[in-house]
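In what follows, a structure is listed as C-alpha cells, so that the remarks can point back to it.
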Amino acid sequence: MKKSFIVYLVAVTGIYIAAIVIAGSGVAGAGPAGFWDLPSFILTPVAPFILMLGHYGPGEIVRAFRCAGAGECGPADAGRALVFFRSLRRLVMLSGFLGSLIGAIFIARMYPSGEFSANAGVYLGTCLLTVVYALFFSMVLCVPFESALEKKLAG
C-alpha cells in the first residue's frame with residue numbers, strides 16, 4: 001500500500017462530506033452533523049474491533065496494519081493480516097446489518113403510538129446510519145488493506 005493512501009483517504013472523505021453539504025443545503029439537519037450518531041458508531045465500527053480483540057491481540061492488529069501498509073512482511077504474515085482484514089470487513093458489515101435490524105425493531109415496536117411521529121425519524125436514522133457506517137468503513141479501511149495484502153501475496 002502506498003504511503004499516499006492517507007492523502008487519498010482524506011480526499012475521499014472530503015468528497016463525501018462535500019456531497020452531503022451540497023445535497024443538504026437548505027434542508028434543516030441534513031448537513032454532516034446529521035450523519036453523526038453515537039449509537040450507530042458504537043454498533044458498527046467499535047463493536048467489531050472489540051470482537052476482533054478476542055482473536056487478535058493489539059500487537060497483532062498493529063502488525064496487520066503495518067504489513068498492509070508500507071512495511072515489509074513475509075507471506076505468512078501477509079496471509080494472517082489478510083485474514084484479519086477479511087474478518088474485520090465481515091464483522092463490520094454484519095454489525096451494520098444488525099444495527100439496521102435493531103433500528104427497524106424500535107420503529108415497529110412503537111407503531112402505532114403517540115411517540116411514533118416524534119421518534120420514528122431518530123430510529124430510522126440510526127437504522128440507516130449503521131448501514132452507511134458499515135459500508136464506509138468497509139470501503140475506506142477493509143477493502144483497501146485487503147487489496148494491498150493480496151497484491152503483496154501475488155508477488
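The values are calculated or read from the model by the stated rules, or taken from the named source; none is laboratory data. Everything quoted here is computed from the prediction, not taken from an experiment. Note: ideal-geometry Cβ built from the backbone for every residue, glycine included; neighbour counts use all protein chains shown. When the accessible area is computed, the model is the full protein with side chains, heavy atoms only, and any ligands, DNA or RNA have been set aside. Shrake-Rupley method; radii C 1.70, N 1.55, O 1.52, S 1.80 Å.
Structure notes:
- Just checking the listed ones, Ala118, Ala78, Ala64: in the Gaussian network model of the chain with Cα springs under 10 Å, the one fluctuating most is Ala118.
- If you run the Gaussian network model on the chain, springs between alpha carbon atoms under 10 Å, then out of Leu91, Leu38, Leu135 the most flexible one is Leu38.
- A cut-off under 14 angstrom between Cβ atoms defines the neighbours of Thr44, and their net charge, with Lys, Arg +1 and Asp, Glu -1, is +1.
- For the range 63-78, the residues whose amide N sits under 13 Å from a probe point set 7 Å from the Cα of Arg86 along the beta carbon direction are 78.
- Surface composition of the range 2-155: carbon and sulfur make up 72 percent of the accessible area, probe 1.4 Å.
- The candidate values are (1) 17.3; (2) 15.5; (3) 16.2; the one derived from this structure for Kirkwood radius over Cα pairs in Å carries the label (1).
- Counting only protein heavy atoms and a 1.4 Å probe, the chain has 61 square angstrom of accessible area per residue.
- A simple count of charges around Gly71, restricted to other residues whose Cβ falls under 15 Å of its Cβ and scoring Lys, Arg +1 and Asp, Glu -1, yields +4.
- Length-normalised contact order for the chain - Cα pairs under 8 Å, 6+ apart - percent: 32
- Here the label points at Val122 and Arg109, each 7 Å from Cα along the C-beta direction, are separated by 1.4 nm in the simple model.
- Cysteine residues of the chain whose Cβ has no partner cysteine Cβ closer than 4.7 Å: Cys127, Cys142.
- Of the DSSP H helices in the chain, those whose Cα atoms cover at least 20 Å axially and whose Kyte score averages -1.0 or more: 5-24, 75-110, 116-137
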